[in-house]
Amino acid sequence: MKKIFKYLGYLFVGVLLIGISLFAIVSMTWKKAYDAPYPPISISSDSTVLARGQYLVYGPAHCATCHIDPSDYDAMSAGELVPIAGGSEIIIPPGTFRPRNLTPDIETGIGSLTNEEVARVMRFGVGHDGRVLFPFMPFENMTEEDLNSIISFLRSRPPVSRKIEATEYTFLGKVVLAVGMIKPIQPGATPKKALKQEASVVYGEYLANSVANCAGCHSPRDLKSGEFTGPKFSGGLIFEETAATFTTPNLTPDPETGVLATWTEDTFIQRFKSGPIHEGTPMPWSSFAMMNEVDVKAIYMYLKSLPPTKNLIEKTVVMKD
Ligand code: HEC
Ligand code: HEC
């Protein structure tokens, strides 16, 4: 009997020591500084460039959806240029993520960041402080023109002084960083020249993958690392929100399991004009409602051109009580 207690004692001490060492290793190694090139940026005050930047920031690239105060959503949906000064929090198992104040304020905004530092966030997912960022902003393959116009527009806005606290990681978030599960993004074949803004599969592919992040949410992924684990656009990503559990529908043209199978181009356009239907949905419907018809048509054409994938999503919204 006594022996058993002795062994249990050793076991307990052993497990405790392993736990403490793991904790110590993670605490010492999660803060890593990454290196990535600074993309060349040319800022412009040309009105066409600024208009394109404004359109992308509030519309398809939906920077506004994440980088404004939640109390400003209604005003934004009504078309007001509310300040992109931060104020929301994204609370997920790896941590509490706080989108930054993107107005040119020097102390609290991007006034103290160079254009190249901002561009590096978008192309490589590396912050101004060398932190690798969780993959909220997959803009690595945006055209140079669009990158220039977004940063030009942000620089042209009035500075708003609003201090946003730093992002805080949970122990899980620190483990993910310590083991290097999140790496700086590697831009693929970045289209150098602006694509023709027309209702075409090519332009739709660009919007859905490199601007509006449809692929990021409508594909099976590992939520810890962001890695894609199945065919793109086949849906199935789950979001646990306060009011409901949301699962992204399959956007491939599979006749049985694809949500778009019975949608005409007009149904698709009208759906995008209507904005959010389900309270608390993570899909940035309000920003997308600002997309022009050419862009919505291009996305529709692209989705219809994808290889059909069978993936039955029973319900996209399940309310919690
Ligand atoms: C899905 C939400 C989301 C969208 C969309 C989004 N961001 Fe962010 N952004 C974040 C979060 C979260 C952070 C804070 C990341 C952190 O500190 O780990 C952030 C941080 C940043 C930073 C600061 C990084 C640093 O160096 O500290 C910049 C610059 C930025 N975003 C630019 C943009 C631009 C430009 C767009 C639109 C083209 C955009 N973001 C769209 C969520 C988003
Ligand atoms: C941040 C995650 C996210 C992004 C980005 C996103 N979606 Fe969604 N989408 C969802 C979720 C969750 C649902 C299910 C809940 C709902 O209908 O609002 C959904 C639903 C849909 C639906 C079905 C709507 C209905 O009425 O049945 C379509 C179509 C759709 N998304 C297309 C797109 C397209 C196209 C894009 C890119 C332009 C996109 N989504 C980007 C998360 C996202």
Q) Given W30, M122, S112, which one lies farthest toward the positive end of the charge dipole of region 1-150, if we put +1 on the Cβ of every Lys and Arg and -1 on the Cβ of every Asp and Glu? A) W30
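In the chain, what percent of the accessible surface is made up of carbon and sulfur (1.4 Å probe, ligands and nucleic acids excluded)?
On the way: 10350 of 17000 Å².
Carbon-and-sulfur percentage of accessible area, whole number: 61.
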Q: Enumerate the calculated ³J(HN,Hα) couplings along region 310-315 in order (Karplus 6.51 cos²θ - 1.76 cosθ + 1.60, θ = phi - 60°), each rounded to whole Hz, writing x wherever the residue is Gly or Pro.
A: 7, 7, 7, 9, 4, 9
Q. In nm, what is the difference between 0.36 nm times the number of residues separating V318 and K183 and their Cα-Cα distance?
A. 45.3 nm
**Q.** Other-chain or far-sequence residues with amide H under 5 Å of N101's (modelled H)
**A.** I164
(Q) With just the Cα atoms defining each centre, how far is region 42-64 from region 199-217? Give it in Å. (A) 17
**Q.** the chain, dipole about Cα centre (Lys/Arg Cβ +1, Asp/Glu Cβ -1), debye to the nearest 20
**A.** 1340
Q. If we sort 90-96, 247-253, 300-306 on the protection proxy, mean other Cβ atoms within 10 Å, highest first, what's the order?
A. 247-253, 300-306, 90-96
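Could you work out the local net charge near E265, counting Lys and Arg as +1, Asp and Glu as -1, over the other residues with Cβ closer than 15 Å to its Cβ? Provide the component values of the computation, followed by the final result.
Details: positive: R271, K273, K297, K304; negative: E198, D266, E293, D295.
Here the charged neighbours net out to 0.
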**Q.** HN-Hα J in Hz across region 202-214 - Karplus 6.51, -1.76, 1.60, θ = phi - 60°, x for Gly and Pro
**A.** 4, 5, x, 4, 4, 4, 5, 9, 10, 10, 8, 6, 4
Q | Tail weight of P(r) past 32 Å, computed on alpha-carbon pairs of the chain, percent | A | 33
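Given 0.36 nm per residue, what is the gain on full extension from A243 to E168 after removing their alpha carbon distance, in nm? Don't jump to the answer; show the numbers that get you there.
Details: separation 75, 0.36 × 75 = 27.00 nm, distance 2.40 nm.
Gain in length upon complete extension: 24.6 nm.
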Q: Work out from phi, with θ = phi - 60° and the Karplus expression 6.51 cos²θ - 1.76 cosθ + 1.60, the ³J(HN,Hα) of each residue of region 44-51, listed in order in whole Hz, and give x for Gly and Pro.
A: 9, 10, 4, 5, 5, 5, 5, 5
Q: Whole number in Å², please: accessible area per residue of the chain, 1.4 Å probe, ligands, DNA and RNA not counted.
A: 53
Q. Can you list the residues, at least 5 places off or on another chain, whose amide H is less than 5 Å from the amide H of G95, using H built in the peptide plane?
A. T170
Q) Sorted by packing (mean other beta-carbon atoms within 10 Å per residue), highest first, where do 126-138, 268-280 land? A) 126-138, 268-280
Q) Reachable lysines from K174, Cα under 19 Å, same-chain residues fewer than 8 places away excluded? A) K31, K32, K183, K224
Q: First select every other residue whose beta carbon is under 9 angstrom from the beta carbon of R162; then total the charges, Lys and Arg +1, Asp and Glu -1.
A: -1
Q.
List the residues, sorted by chain then number, that are 5 or more residues from T108 or on another chain and whose placed amide H is less than 5 Å from its amide H.
A. R162
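The values are calculated or read from the model by the stated rules, or taken from the named source; none is laboratory data. For clarity, every value in this text was computed on a predicted model and none was experimentally measured. As a convention, Cβ positions derive from the backbone with ideal geometry for all residues, glycine included, and neighbour counts pool all protein chains shown. Protein only, heavy atoms only, side chains kept; ligands, DNA and RNA dropped before computing areas. Shrake-Rupley method; radii C 1.70, N 1.55, O 1.52, S 1.80 Å.
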